[in-house]
Amino acid sequence: MTEQDFIPKPYTNTLKQGKVTWESPSNIALVKYWGKRDPQIPENPSISFTLSQCKTITTLSYKQKEAISDFSFDVFLDGEKKDAFKPKIETFFKRVEQYVPFLKDFHFTIETKNTFPHSSGIASSASGMSALALCLMSVEKLINVEMSNTFFNQKASFLARLGSGSACRSVEGDLIVWGHTKHVAESSDLFGVKYPYAVHDHFKNYQDTILLIDKGEKQVSSTVGHNLMHNHPYAASRFQQAHDNLEKLKPILETGDLKRFINLMESEALTLHAMMMTSNPYYILMKPNTLEVINRIWKFRENTGLHIGFTLDAGANVHILYPESEKVEILNFIENELVAYCKNGEYICDQIGFGAQEINN
Ligand code: PMV
């Protein structure tokens with residue numbers, strides 16, 4: 001598939017007004033995407049678990065305009081008008097207009113809400129942009145009825161990527177690869193694909209407990225962080241490492257080797273943060289409590305032999321991943337020992353999920 005394949009033929013149907021709704025989950029990367037070039041092409045392949053509880057629910061209402069003018073839309077978060085979101089959506093519309101050329105034909109009302117607090121430090125861009133991209137695809141499907149489900153999902157992921165890179169991994173579940181690598185057949189820089197190889201039952205319902213360590217706004221945005229990988233002294237070896245890790249992950253996922261899984265996942269998380277610390281300008285997103293939690297996880301793992309591991313995204317929060325069979329002991333440990341390091345004692349229990357869903361209006 002190339003970008004050209006996502007440019008539609010002239011539409012045959014017309015629409016007056018209506019609405020569509022999608023709920024789309026967040027995702028957590030095991031091999032991290034860090035570094036990109038225009039237009040949102042990743043410098044390295046990544047793979048993520050799709051989550052199920054942390055999600056965005058978006059309703060897109062469309063009404064045909066009298067005359068075709070510029071983009072016209074209003075955005076509401078939790079029922080309140082949110083003009084601060086407009087520039088990001090306007091940029092997204094500009095980027096995707098050639099692929100969904102009906103955008104200027106309608107006035108849109110975008111009503112969105114998250115199941116996790118906006119200020120939690122959990123990125124809402126992946127779930128938010130994928131939910132919006134899926135809504136646009138539902139509108140396109142009404143105009144262009146003949147569209148396979150495979151193409152629908154592929155194009156939704158393609159559009160979501162143009163909104164926020166990691167959003168392209170939130171359309172489907174449960175393990176998604178984005179970025180071309182010879183180690184994964186059919187992988188593409190343009191959209192996410194379902195991981196096509198065997199996955200052991202140990203990963204079924206794999207748990208992700210997210211400790212909310214710091215809820216503040218990030219000092220350095222992901223966009224700035226990605227750009228700091230240009231001319232980064234370790235960029236070339238980091239990008240190669242991501243390919244190598246995807247290759248290494250295949251037998252780990254197949255045999256359910258949780259020790260090696262945890263080793264690879266934690267190494268990826270710390271490498272991501274090492275890239276931030278070795279950028280110029282350099283910066284640190286981890287907080288003292290992030291390190292405290294990591295050390296306690298390591299100690300608990302050593303003492304119990306349980307398969308508890310962590311990963312981080314571009315922030316201070318810690319994602320604790322573990323198999324469902326060890327849920328009781330590990331949640332006990334989290335509640336007894338780790339909650340004290342969370343802001344207001346807050347954490348979110350999530351688990352691997354199967355992707356976005358359309359909601360009937
Ligand atoms: O989608 P973005 O541009 O917000 O980038 C997110 C990158 C990480 O979350 C740090 C890693 C990843 O692969 O999700």
Within the range 180-238, track down each residue that is among the hydrophobic types (A, V, I, L, M, F, W, C), more than 30 Å from LEU338 (Cβ to Cβ) and in a loop (DSSP other than H, G, I, E, B).
VAL184, ALA185, LEU190, PHE191, ALA198, LEU228, MET229
Check on ALA185, out of contact with any strand residue (DSSP E or B) (no Cβ under 7 Å at 6 or more places or on another chain), crowded, with 24+ Cβ neighbours inside 10 Å and not acidic (Asp, Glu):
no
Quick one: in the range 187-215, which of the residues that are in contact with a Phe, Trp or Tyr (Cβ under 7 Å, 6 or more places away or on another chain) and under 29 Å from GLU90 (Cα atoms) is nearest to the ligand (Cβ to nearest atom)?
GLY192
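Within the range 204-219, count every residue that is under 19 Å from the mean Cα position of the chain (by Cα) and of a type outside the set (Val, Ile, Thr).
9
Going through VAL184, VAL139 one at a time, which residue ends up being more than 13 Å from the chain's Cα centre (by Cα), within 16 Å of the ligand (Cβ to nearest atom) and aliphatic (A, V, I, L, M)? Walk me through how you get there before you give the answer.
Numbers: VAL139 fails: within 16 Å of the ligand (Cβ to nearest atom).
None of the others qualify; the one that does is VAL184.
Regarding PRO42, is this residue of a type outside the set (Gly, Ala, Ser) and under 19 Å from the mean Cα position of the chain (by Cα)?
Values: of a type outside the set (Gly, Ala, Ser): yes; under 19 Å from the mean Cα position of the chain (by Cα): yes.
Judged against the criteria, PRO42 is a match.
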Tell me the helices (runs of 4 or more DSSP H) entirely within the range 258-361 that contain at least 3 residues that are assigned by TED's automatic domain parsing to the domain that holds THR223, in contact with a helix residue (DSSP H, G or I) (Cβ under 8 Å, 6 or more places away or on another chain) and under 30 Å from PRO233 (Cβ atoms).
258-277, 288-304
Considering only residues that are crowded, with 24+ Cβ neighbours inside 10 Å and either within 10 Å of the ligand (Cβ to nearest atom) or part of a loop (DSSP other than H, G, I, E, B) (or both), which ones fall in the range 1-27?
SER26, ASN27
Would you confirm whether any residue within the range 31-49 is within 16 Å of the ligand (Cβ to nearest atom), in a loop (DSSP other than H, G, I, E, B) and out of contact with any helix residue (DSSP H, G or I) (no Cβ under 8 Å at 6 or more places or on another chain)?
yes
Output the number of the condition that SER222 fails; it satisfies all remaining conditions of (1) outside the structural domain of MET275 (by TED's automatic domain parsing); (2) in contact (Cβ under 8 Å) with a residue 12 or more places away in the chain; (3) among the small types (Gly, Ala, Ser).
(1)
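The values are calculated or read from the model by the stated rules, or taken from the named source; none is laboratory data. All figures in this text were calculated on a predicted structure; none of them were measured in a lab. Cβ sites come from the backbone with ideal geometry, for glycine too, and all protein chains shown count toward neighbours.
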